[in-house]
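Notes for the one structure printed next.
The values are calculated or read from the model by the stated rules, or taken from the named source; none is laboratory data. Everything numeric in this text was worked out from a predicted model, so none of it was measured. Methodologically, a virtual Cβ is constructed for each residue, glycine included, from the backbone with ideal geometry; neighbour enumeration extends over all protein chains shown. Accessible surface is based on the protein model in full, side chains and every heavy atom, while ligands, DNA and RNA are left aside. Shrake-Rupley method; radii C 1.70, N 1.55, O 1.52, S 1.80 Å.
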Amino acid sequence: LFSRSEESLQLPTKATMTTYFDDIAKDSSDLLNKGFPAGGSFKVSTELKTPNNISIASSAKRSFKKDKEVVDIVFEPKYTYAPYKFELNGKFTTGSEYSAGVNVKDLVLAGSKLAVTRTQIAGNGSTKAAVNVNNELVAVKTSVTLPDDNEENPIKANASLVATVSDGILVGGSVDFATGFDDGVTQDAVTTFGAKASFGNVAASYISGAKSELSASFYSVRDLVNYAAQFVYKPETKASAAVFGADYKYASDTSIKSKVTVAEGEFRTGVALTQTWTTSSKVTIAADINTLSLLGSNTGAAHSFGVEVKLL
């Protein structure tokens with residue numbers, strides 16, 4: 001008497017945008033690489049947002065590079081003017097890196113984004129212009145980076161295209177080009193090609209060039225546990241590596257991540273505990289363990305630990 005047909009209960013679904021080339025297999029990469037602070041690092045980050053569409057993200061990180069203590073402070077302001085989908089953004093660091101940019105969405109057509117960014121790093125300046133287009137069928141990215149001094153730094157160009165073949169199946173390719181430049185030695189222009197394919201939760205990729213790489217990854221989502229695996233082979237050096245990881249939601253405010261990395265001369269275990277301590281803070285405590293050392297071997301880097309505090 002009170003039943004409804006299935007058809008009447010169906011809700012309209014939002015169209016799924018095609019994934020950009022760089023974002024294929026991003027879920028598995030993030031699970032295996034993010035959220036594992038190590039190397040004696042301690043980081044505090046926060047983001048402030050105002051009612052007039054201004055946000056300021058900032059962070060301070062203490063770490064060690066080549067046994068030298070380094071403190072990096074990053075300040076990233078952003079202003080968004082929603083009616084015209086217009087954004088101004090900047091980045092300022094204690095590491096002599098400064099940038100300012102402007103983004104405009106849907107200016108040419110729906111799903112498009114135009115961006116111009118001016119960057120200064122350690123006295124070397126460059127300007128980057130990019131045009132992206134994203135919809136249900138394709139995702140296109142193009143960019144050109146022009147250095148202030150093209151005799152010391154190369155002009156770089158990138159283009160990538162990803163097409164949705166069918167539901168859950170993506171195929172894409174990319175081209176990176178850098179001009180030769182003269183810094184005392186004449187160098188040849190470098191062109192690098194890439195190819196990726198994604199079949200649901202499985203992805204494969206190939207990158208050509210001096211640092212050529214073959215990789216395959218897997219990502220699985222469950223109610224409480226997410227799993228990921230990645231296999232990498234580098235033809236130039238004949239080196240290979242495998243990483244397996246999981247993210248377990250222990251409670252509504254607590255998650256536990258772990259991963260195992262196996263490579264030539266390396267066997268490492270990473271563990272991380274992330275917990276919301278208060279309504280305004282989230283803390284991650286992690287360890288990078290040299291498993292071979294626990295088994296009596298002297299190879300590989302020593303154990304290390306890291307802490308990250310995010311103020312909400």
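Key figures for this structure:
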{"item": "Residue selected from the stretch 16-31 under the condition in contact with an Asp or Glu (Cβ under 8 Å, 6 or more places away or on another chain) and outside any helix (DSSP H, G or I), by the criterion surrounded by the most Cβ atoms within 10 Å (Cβ to Cβ)", "result": "T18"}
{"item": "Count - residues of the stretch 32-72 that are surrounded by 13 or more Cβ atoms within 10 Å (Cβ to Cβ) and either in contact with a Pro (Cβ under 8 Å, 6 or more places away or on another chain) or in a strand (DSSP E or B) (or both)", "result": "19"}
{"item": "Any hit, the stretch 172-179, residues being modelled with pLDDT under 90 and either farther than 25 Å from S212 by Cβ or assigned to a loop (DSSP other than H, G, I, E, B) (or both)", "result": "yes"}
{"item": "Filtered residue count, the stretch 270-299, keeping only those that are closer than 22 Å to S215 by Cβ and either open to solvent by 50 Å² or more (accessible area, probe 1.4 Å) or in contact with an Asp or Glu (Cβ under 8 Å, 6 or more places away or on another chain) (or both)", "result": "1"}
{"item": "Residues satisfying the stated conditions in the stretch 126-170, i.e. open to solvent by less than 80 Å² (accessible area, probe 1.4 Å), in contact (Cβ under 8 Å) with a residue 40 or more places away in the chain and part of a loop (DSSP other than H, G, I, E, B)", "result": "N135"}
{"item": "Residues of the stretch 20-54 satisfying the condition of being in contact (Cβ under 8 Å) with a residue 24 or more places away in the chain and either in contact with a helix residue (DSSP H, G or I) (Cβ under 8 Å, 6 or more places away or on another chain) or of a type in the set (A, V, I, L, M) (or both)", "result": "I24, A25, L31, L32, A38, V44, N53, I54"}
{"item": "Set K211, K259: member being surrounded by fewer than 16 Cβ atoms within 10 Å (Cβ to Cβ) and of a type in the set (K, R)", "result": "K211"}
{"item": "Any hit, the stretch 224-241, residues being touching a residue at least 60 places away in the same chain (Cβ under 8 Å), among the aliphatic types (A, V, I, L, M), under 30 Å from G296 (Cα atoms) and surrounded by 15 or more Cβ atoms within 10 Å (Cβ to Cβ)", "result": "yes"}
